[in-house]
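Read through the structure below, which is laid out as structure tokens, and then see the notes.
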Amino acid sequence: MAPSRVISVPKTDPGAYNPKRPAGKLLLAQAAHLRDALSKHVDEKPADSKEATEILAFDIASIKTEADVSNYTQKVTAILHPQGAKRPGK
């Protein structure tokens, strides 16, 4: 298997993220898709399920702001892509 390559992501415009702004439909849909992906992950890898099960118990209907979506996304992504937690050169 070929080694993964690091993809550079440009900085976000400072005004693009407002943690207090209500989450839009796209962000809420992304949170729902992440929840589905996490659920499938737990079904495929039950050994990784303790923390994932706790996150799956969280009611995503309670997500109201961009900050809520951001926090949820970080938690789910850390489980789905644990290798991403290690940033090269940081």
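Only residues that are in a helix (DSSP H, G or I) and basic (Lys, Arg) were counted across region 37-48, and they come to 1. Return yes when Leu26 is at pLDDT 95 or above, within 16 Å of the chain's Cα centre (by Cα) and either exposed (fewer than 11 other Cβ atoms within 10 Å of the Cβ) or outside any helix (DSSP H, G or I) (or both) and no when it is not. The answer is yes for Leu26. Taken over region 49-60, the criterion of being of a type in the set (A, V, I, L, M) and either more than 10 Å from Ala31 (Cβ to Cβ) or assigned to a loop (DSSP other than H, G, I, E, B) (or both) is satisfied by Ala52, Ile55, Leu56, Ala57.
Whenever a residue of region 37-64 is surrounded by fewer than 14 Cβ atoms within 10 Å (Cβ to Cβ), it has no partner that is among the aromatic types (Phe, Trp, Tyr) lying with C-beta atoms less than 6 angstrom away and at least six residues away or across chains.
A quick yes/no check of all residues on (1) touching a strand residue (DSSP E or B) at 6+ places or on another chain (Cβ under 7 Å); (2) small (Gly, Ala, Ser); (3) under 29 Å from Arg5 (Cβ atoms); (4) modelled with pLDDT of 90 or more:
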| position | (1), (2), (3), (4) |
| --- | --- |
| Ala31 | no, yes, yes, yes |
| Leu38 | no, no, yes, yes |
| Pro46 | no, no, no, no |
| Phe58 | no, no, no, yes |
| Ser62 | no, yes, no, yes |
| Val69 | no, no, yes, yes |
| Thr77 | no, no, yes, yes |
| Leu80 | no, no, yes, yes |
| Arg87 | no, no, yes, no |
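Listed here are the residues, each with its yes/no results for (1) part of a loop (DSSP other than H, G, I, E, B); (2) on the phi > 0 side of the Ramachandran plot; (3) β-branched (Val, Ile, Thr).
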site	(1), (2), (3)
Arg5	yes, no, no
Pro19	yes, no, no
Ala31	no, no, no
Arg35	no, no, no
Asp68	no, no, no
Thr77	no, no, yes
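Residue pairs whose Cβ atoms lie under 7 Å apart, separated by 6 or more positions or on different chains, with the first residue in region 7-23 and modelled with pLDDT of 95 or more and the second assigned to a loop (DSSP other than H, G, I, E, B), are Pro22/Lys64; Ala23/Ile63; Ala23/Lys64. Taken together, Gln83, Gln30, Gln74 contain a single residue that is of a type outside the set (Ser, Thr, Tyr) and in contact (Cβ under 8 Å) with a residue 60 or more places away in the chain, which is Gln83.
The values are calculated or read from the model by the stated rules, or taken from the named source; none is laboratory data. These numbers come from a predicted model, not from an experiment. Cβ coordinates were reconstructed from backbone atoms using ideal geometry, including for glycine residues, and neighbour counts include every protein chain displayed.
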